[in-house]
Structures are given as C-alpha cells and as structure tokens.
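The values are calculated or read from the model by the stated rules, or taken from the named source; none is laboratory data. Every value quoted in this text rests on a predicted model; they were computed, and no experiment measured them. Positions of Cβ are generated from backbone atoms using ideal geometry, with glycine treated the same way; all protein chains shown enter the neighbour counts.
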Amino acid sequence: MLRDPLLAALFWSAVTIGAYALARLAHRRWRAWWTSPLLTTPLLVGAAALSLHTGYADYIRGTHWLVLMMGPATVAFAIPIYEQRALIRSHWPVLAVGVMVGSALSMSTAFLLADLMGLSQQLQLSLMPRSTSTPFAVAIAQDLGGTPDLAAVFVIATGICGAALGEVVMKAMPLRSSLARGALLGMGAHGAGVAKAHQIGGEEGSVAGLVMVLAGLFNVLMASAVAALLR
Amino acid sequence: MRIGIRSTKARHTAPNQRFPAVFRPGRAGMLHLMLRNMRHMLHRSMIAQIGVLAVFWVLGEAIVRVSGLPLPGGIVGMVLVLALLASGRVRPIAVRRGAGWLLAEMLLFFVPAVMAILDHRELMGLVGLKVAAVIIAGTVMVMGGTALAVDLAWRWRMRGERNAA
C-alpha cells in the first residue's frame with residue numbers, strides 16, 4: 001500500500017498529525033512534562049515507523065512540508081515581539097546581557113561536557129547549537145561541521161528537557177523579575193520553553209520568545225567565529 | 001441603537017451586496033471597495049493570514065538566496081513583517097489569528113525532524129545516555145546562568161534608576 005509515494009506521504013502526514021492531536025489531548029488532561037507533545041508524538045510515530053519498517057528517508061519524504069511550516073511560524077514571531085515593544089525598549093540592555101551569557105554558556109558547556117564524556121567530534125559539533133531553535137541550529141551545525149539532522153534531534157531533546165526542568169530551576173533560584181523567568185525558558189528551551197513561559201504569564205512568554213530569536217541570531221553570528229577558532 | 005450596529009455589521013459581512021441604483025461608483029471607487037472587502041476577509045480568515053505569513057517567509061528565503069546572508073529565511077521574513085508593523089502600514093490585527101495558530105501548534109512542525117533518530121541507532125545505547133547527560137547538565141547550566149545574569153543586570157539597573165531619582 002505504501003509503495004505509492006503520494007499515498008505514503010498522505011499516510012505518514014496523517015499518522016504524524018493524528019499522533020500530535022492525541023498527544024495534545026493527553027497533555028491537556030494531565031499537564032505533566034512526560035505528556036509533552038514533543039516527547040509523546042515522536043514516540044508514537046516512531047513506534048509506527050518501526051513496526052512498518054520505514055526508514056527516515058521514506059518518512060521525511062512525505063512529511064517534509066510540516067518541517068517547512070516552521071518558516072511561516074518563525075515569521076509569526078514578529079507579532080508578539082511587536083506587541084511587547086514597550087517592554088523591549090525599556091529593558092533591552094538586560095535582555096542583551098542574558099542572550100550573550102546564555103549563548104556563550106550553551107556553546108561552551110556542550111563543547112566541554114561532550115569532551116568530558118568522550119563523545120565523537122561529530123556528536124560534539126552537533127550538540128553545540130542545541131539551545132537555539134531548529135532553523136538556526138541546522139544552519140549553525142552546517143557552519144561548524146556537525147550533522148544537521150542530529151543537531152535537530154538534540155535541539156528538540158533540549159526543548160523537552162528544558163520544559164521539564166525549567167520550573168524546577170526557577171523555584172531553586174531567588175528570581176525577582178519576570179525578565180529572568182522568561183529569559184531562563186527562552187534561552188534554555190527555545191520553542192518548548194516559550195510555550196511553557198506563555199503558560200506562566202504574558203510578559204514571561206514574550207520575553208522568552210524575544211530571547212529565543214535574539215539567541216538564534218547571536219549564535220549564527222558567533223558560530224562563524226567559533227568555526228574559525230576550531231579549525 | 002442595536003439595529004444600527006447590526007446593520008453596519010451586515011454591510012461588512014456581505015461584501016457582494018448589490019449597490020443601490022443611484023450609487024454607481026467609478027473605477028477608482030470600485031477598486032477601493034474591492035481592497036476594503038479583501039481587508040475584511042483577511043481580518044476574519046485564519047488560513048488567509050497564514051498564507052500572508054508564508055508569502056513573507058518565501059520572500060525572506062528569496063532574499064537570503066540572492067544576497068547570501070547566513071540567516072534562515074524565516075528570520076528575514078520576520079524582520080520584514082516587523083518593519084511593516086513599525087512603519088504603521090500593516091496593523092497587527094491583520095495577521096494576529098494566523099500567527100497565533102502557527103505559534104500554538106509549532107511543536108507539530110518539530111516532530112518530523114526528531115524522526116532522524118531512526119537513522120542513528122547508535123544513539124539507542126550507552127552513547128545515547130552520554131548525550132542525554134550532556135544535554136540535561138548543559139541545559140540546567142544554561143538556564144541557571146542566563147536567569148542569574150538577567151536578574152543581576154535587572155537589579156543593578158533598578159538600583160541605578162532609584163539612585164538617579
């Protein structure tokens with residue numbers, strides 16, 4: 001049945017969207033980190049792919065259009081950023097400090113910890129852009145010499161982990177400002193963190209969204225410098 | 001009063017309504033009316049708004065390809081929309097619903113990329129655990145460090161403002 005590419009594309013798109021809809025229902029019901037659609041949807045789709053003996057190449061051929069939707073979604077960030085322009089105008093130095101410290105930390109911790117664990121250089125380089133959102137991370141991994149599709153997997157693992165641990169870290173620290181709470185989630189867990197931050201509060205959500213975009217831009221700029229250093 | 005409100009609403013929601021015989025708009029008037037109707041349609045239709053955002057993404061991709069900027073096309077498109085919003089030519093309401101939907105369902109667009117793990121079975125074993133350890137420890141450090149830096153910078157600025165006042 002799945003020999004026909006059009007049917008296969010329809011089938012895998014339907015499986016992915018259906019699994020996502022189920023995961024979202026479950027998340028609305030239990031509201032815990034282990035019901036995050038970022039974790040449960042890939043598990044469901046992966047189980048389907050393994051039981052039907054479908055490889056990544058066959059799967060992505062039919063679902064690539066969903067990945068492309070990330071482009072318009074990135075454009076959509078213009079709206080919350082524009083609506084919070086007053087907040088940004090009055091606090092931009094603070095946000096800039098957060099983005100610079102966070103980006104430097106994310107690249108250096110990935111590099112050093114991967115070294116400590118004795119991981120291969122390919123994995124190390126693919127781990128370095130993991131705190132930026134996927135479109136940036138793929139560009140940066142190419143720049144550094146890592147593997148773009150592995151980088152995308154690590155980015156999403158970071159998102160799940162950050163959304164799960166964000167509130168724990170937040171409670172452990174004496175944070176006074178909504179800026180710090182938003183920056184923590186936007187820097188540490190990009191898209192998943194922004195979604196979490198919107199649940200905490202409107203200000204936290206827009207700060208997180210802005211920090212995510214700025215961190216991506218700053219990482220792209222930093223990556224070419226880091227790539228030159230590594231060579 | 002209520003009837004008045006309802007009647008203006010009816011005029012907005014029925015763009016194809018016939019004009020009264022006395023009112024014959026010229027060509028410029030027709031064009032204006034058409035544009036206004038299109039704007040009303042855009043304000044109500046989420047799919048049309050997603051289409052508009054997608055057009056800006058394609059535009060961004062084209063700019064990146066022509067100019068060779070090292071940025072994702074979506075970001076260039078976002079900057080274009082921000083510039084239009086800041087110039088006042090476009091109001092946020094024109095794309096707010098479409099943008100809201102895209103941002104709310106963004107996690108779905110991540111899922112196919114995760115499936116790349118199907119081709120990397122080596123990550124299922126010890127190496128995978130090591131990678132997970134790097135990600136968990138690194139993420140906690142990034143989140144803690146960022147929040148600390150932002151909070152310190154914020155307190156420092158607040159103190160400066162209080163001293164100045």
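So, in the range A:32-58, exactly how many residues are closer than 15 Å to A:CYS161 by Cα and exposed (fewer than 12 other Cβ atoms within 10 Å of the Cβ)?
Going through the range A:32-58 one residue at a time, the tally reaches 2.
Being farther than 17 Å from B:PHE110 by Cα and among the charged types (D, E, K, R) is the filter here; which residues of the range A:137-175 pass it?
Of everything in the range A:137-175, those that are farther than 17 Å from B:PHE110 by Cα and among the charged types (D, E, K, R) turn out to be A:ASP143, A:GLU167, A:LYS171.
All but one of (1) facing another protein chain (nearest Cβ under 9 Å); (2) out of contact with any Gly (no Cβ under 9 Å at 6 or more places or on another chain); (3) modelled with pLDDT of 90 or more hold for B:SER67; which doesn't?
Failed condition: (1).
Going by the conditions given, is A:ARG61 surrounded by fewer than 20 Cβ atoms within 10 Å (Cβ to Cβ), among the charged types (D, E, K, R) and more than 22 Å from A:THR147 (Cα to Cα)?
Answer is no for this residue.
Out of curiosity, is B:VAL131 assigned to a helix (DSSP H, G or I) and in contact with a Leu (Cβ under 7 Å, 6 or more places away or on another chain)?
It is true that B:VAL131 is assigned to a helix (DSSP H, G or I) and in contact with a Leu (Cβ under 7 Å, 6 or more places away or on another chain).
Please list, ordered by residue number, the helices (runs of 4 or more DSSP H) wholly in the range A:50-153 having 2 or more residues that are modelled with pLDDT of 85 or more and at the interface with chain B (Cβ under 9 Å from one of its Cβ atoms).
So the answer is A:56-68, A:70-76, A:78-83, A:85-116, A:121-127.
Looking at (1) at the interface with chain B (Cβ under 8 Å from one of its Cβ atoms); (2) within 17 Å of A:LEU105 (Cα to Cα); (3) in a helix (DSSP H, G or I); (4) of a type in the set (Gly, Ala, Ser), which is the only condition A:ALA227 fails?
Just one mismatch for A:ALA227, condition (1).
Look through the range B:99-118, keep the residues that are more than 7 Å from every other protein chain (Cβ to nearest Cβ) and not acidic (Asp, Glu), and return whichever of them is surrounded by the most Cβ atoms within 10 Å (Cβ to Cβ).
So, considering only residues that are more than 7 Å from every other protein chain (Cβ to nearest Cβ) and not acidic (Asp, Glu), the one surrounded by the most Cβ atoms within 10 Å (Cβ to Cβ) is B:TRP101.
What residue, of B:ARG89, B:ARG121, is under 30 Å from A:ALA9 (Cβ atoms) and more than 7 Å from chain A (Cβ to nearest Cβ)?
That would be B:ARG121, the only listed residue that is under 30 Å from A:ALA9 (Cβ atoms) and more than 7 Å from chain A (Cβ to nearest Cβ).
Contact list please: Cβ distance under 6 Å, first residue in the range A:168-196 and more than 7 Å from chain B (Cβ to nearest Cβ), second residue among the polar types (S, T, N, Q) and crowded, with 24+ Cβ neighbours inside 10 Å, pairs at least six apart or on different chains.
That search, which allows pairs on different chains as well, returns A:HIS190/A:SER133.
Hey, among the residues in the range B:115-165 that are of a type in the set (S, T, N, Q) and within 29 Å of the chain's Cα centre (by Cα), which one's farthest from A:ALA110 (Cα to Cα)?
Among those residues, the one meeting the criterion is B:THR146.
Taking the condition touching a residue at least 24 places away in the same chain (Cβ under 8 Å), within 16 Å of A:TYR82 (Cα to Cα) and either part of a helix (DSSP H, G or I) or within 8 Å of chain A (Cβ to nearest Cβ) (or both), does B:VAL81 pass?
Here the answer is yes, as B:VAL81 does meet what is asked.
One residue is enough: does the range B:90-111 have a residue meeting the conditions on the phi > 0 side of the Ramachandran plot and not in a helix (DSSP H, G or I)?
No, there is no match, as no residue in the range B:90-111 is on the phi > 0 side of the Ramachandran plot and not in a helix (DSSP H, G or I).
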